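First up is the structure itself, then whatever we jot down about it.
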Amino acid sequence: MIDGLDRALSFSLCSVLIPGDEDVLLVGSVYEVSDELVKVLNPTGAKVIKTIKNPAKMLSFDVLQYSSLSNDCIKIYRETPFTHEEETFFQAITAQAAAPVHNAQLYQKTARLEKLKSEFVSIVSHELRTPLTSIKNSLDILEAGGEIEKFLPMAQRNARRLDTIVADLLDLSKIEAGKINYNFVPTDVRTLVEYVKSEFGAAAKEKGIELNVCETKNLPPVSADVSRLEQVMSNLVSNAVKFTHDCITIKTELKDGKVLISVTDNGAGVAPENYEKIFEPFVQIESTLARSTGGTGLGLSIAKKLVEAHGGEIWAEGSSFKVTLPISA
């Protein structure tokens, strides 16, 4: 396409942005293009591939003042004005060139989605099978006269785990379909903190984890569906219990007119490049096979959607997850 544009229109400079998993900027030029000029052409920081006719000379920033033609991804510049016929030709050739690029991108996204869905089914099947097998084995042993004090709690624990997995799947489905009803009432955030302390205190103690709370007194109430925010907090603290062996701190404070709740552990934390990905169910699940902690990987995605339904925000910073909630009117 670039060669065709050059032969027909004799441009001085051409730039083509090809979006994808890694954006690529193709730069075709009659003379060398400086790094500074490339930065102007490439504000998104895409990977740059240059084709230069005469590298012995250098284009100046004056080229940006030349006559130009452009669409969403393609720009060309030359010293002499473009005629109406040339403008028509430009639109026609770039439209033809965009079609196969778009189709390739669509195929790439579809293939990736199919791969992620396949892994999703594999992981969920495994997560469902594990507690079911444990429950079955416990019941078989009890039927054969095994110790009820030992095997009944094991069956109950795995039944609860199974219930949590199914609830996550149903919740995600209902959230995506917009079928969750919320009961917003003024809520003291201490209610949420006390809930997670009682819910996870024993599990943390069993692992030798210190569960600390740092609360700001007299925080204004937030407008919340209590059960849904308890679900969010449970997810965050549960993840912290999984990924640390030392200390977890739950902190509440007032910041920028909103209530900020943070859950911080001293584990490895989340790499910055994954801050957004961990809230996407399929992307998170894609890496779950490599994790030793298990789980469907749906919890953070559900938490994000629930927090946003409350008019709040949730994000990761290293080994800390933060939630902001608007104050009740």
Checklist outcome for this item: Sole miss for Val48 among (1) in contact with a helix residue (DSSP H, G or I) (Cβ under 7 Å, 6 or more places away or on another chain); (2) without any contact (Cβ under 8 Å) to a residue 60 or more places away in the chain; (3) assigned to a helix (DSSP H, G or I) is condition (3)
Item to check | Number of the exception - Asn218 against (1) of a type outside the set (Ser, Thr, Tyr); (2) free of Cβ contacts under 8 Å to residues at least 24 places away in the same chain; (3) surrounded by 14 or more Cβ atoms within 10 Å (Cβ to Cβ) | outcome: (3)
Checklist entry - Restricting the search to the stretch 88-119, which residues are surrounded by 13 or more Cβ atoms within 10 Å (Cβ to Cβ) and of a type in the set (Asp, Glu)? => result Glu119
Item to check | Residues (of a type outside the set (A, V, I, L, M) and touching a residue at least 12 places away in the same chain (Cβ under 8 Å)) located in the stretch 124-164 | outcome: Glu127, Thr130, Pro131, Ser134, Ser138, Phe151, Asn158, Arg161
Checklist entry - Quick one: is Ala98 more than 30 Å from Val323 (Cα to Cα), touching a helix residue (DSSP H, G or I) at 6+ places or on another chain (Cβ under 9 Å) and of a type in the set (A, V, I, L, M, F, W, C)? => result no
Next on the checklist: Restricting to the stretch 1-26, count the residues that are surrounded by 17 or more Cβ atoms within 10 Å (Cβ to Cβ), over 40 Å from the mean Cα position of the chain (by Cα) and over 14 Å from Leu64 (Cβ atoms).
Outcome noted: 2
Checklist entry - Tell me, which helices (runs of 4 or more DSSP H) wholly within the stretch 214-329 include 1 or more residues that are modelled with pLDDT of 85 or more and among the hydroxyl-bearing types (Ser, Thr, Tyr)? => result 226-243, 299-309
Next on the checklist: Of all residues being buried (at least 19 other Cβ atoms within 10 Å of the Cβ) and out of contact with any Asp or Glu (no Cβ under 7 Å at 6 or more places or on another chain) in the stretch 242-259, which is farthest from Gly201 (Cα to Cα)? Just the residue, please.
Outcome noted: Val259
Checklist outcome for this item: Flagged pairs (Cβ under 7 angstrom, 6 or more apart or on separate chains; first in the stretch 165-180, acidic (Asp, Glu); second assigned to a helix (DSSP H, G or I)) are Asp168/Gly299; Asp168/Ile302; Asp171/Ile302
Checklist outcome for this item: Of the residues in the stretch 176-206, those that are β-branched (Val, Ile, Thr) and assigned to a loop (DSSP other than H, G, I, E, B) come to Ile180
Item to check | In the stretch 183-215, residue surrounded by the fewest Cβ atoms within 10 Å (Cβ to Cβ) [restricted to those that are in contact with a Lys or Arg (Cβ under 8 Å, 6 or more places away or on another chain) and not charged (D, E, K, R)] | outcome: Cys214
Checklist outcome for this item: Reported set for the stretch 221-232 where residues are free of Cβ contacts under 8 Å to residues at least 60 places away in the same chain and closer than 15 Å to Thr164 by Cα is Ser227, Glu230
Checklist entry - Looking only at the stretch 4-44, which residues are small (Gly, Ala, Ser) and outside any loop (DSSP other than H, G, I, E, B)? => result Gly4, Ala8, Ser15, Gly28, Ser29
Item to check | Among the residues listed as Thr44, Thr133, Thr94, the single one being over 25 Å from Ser10 (Cβ atoms) and outside the structural domain of Ser10 (by TED's automatic domain parsing) | outcome: Thr133
Next on the checklist: Anything in the stretch 120-131 that is of a type outside the set (Lys, Arg) and either loosely packed, with under 14 Cβ neighbours inside 10 Å or not in a helix (DSSP H, G or I) (or both)? List them, or say none.
Outcome noted: Val121, Ser122, Ser125, His126
Next on the checklist: Take the conditions surrounded by fewer than 17 Cβ atoms within 10 Å (Cβ to Cβ) and of a type in the set (Gly, Ala, Ser) and apply them to Ser262. Does it pass?
Outcome noted: no
Next on the checklist: If the requirement is being small (Gly, Ala, Ser) and surrounded by fewer than 15 Cβ atoms within 10 Å (Cβ to Cβ), which of these qualifies: Ser70, Ser134, Ser29, Ser138?
Outcome noted: Ser70
Next on the checklist: With the requirement that a residue be more than 30 Å from Asp3 (Cα to Cα) and either touching a Lys or Arg at 6+ places or on another chain (Cβ under 6 Å) or aromatic (Phe, Trp, Tyr) (or both), what does the stretch 90-137 give you?
Outcome noted: Phe120, Pro131
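The values are calculated or read from the model by the stated rules, or taken from the named source; none is laboratory data. None of the values given here were measured: they were computed from a predicted structure. Note that each Cβ is placed from the backbone with ideal geometry, even for glycine, and that neighbours are counted across all protein chains shown.
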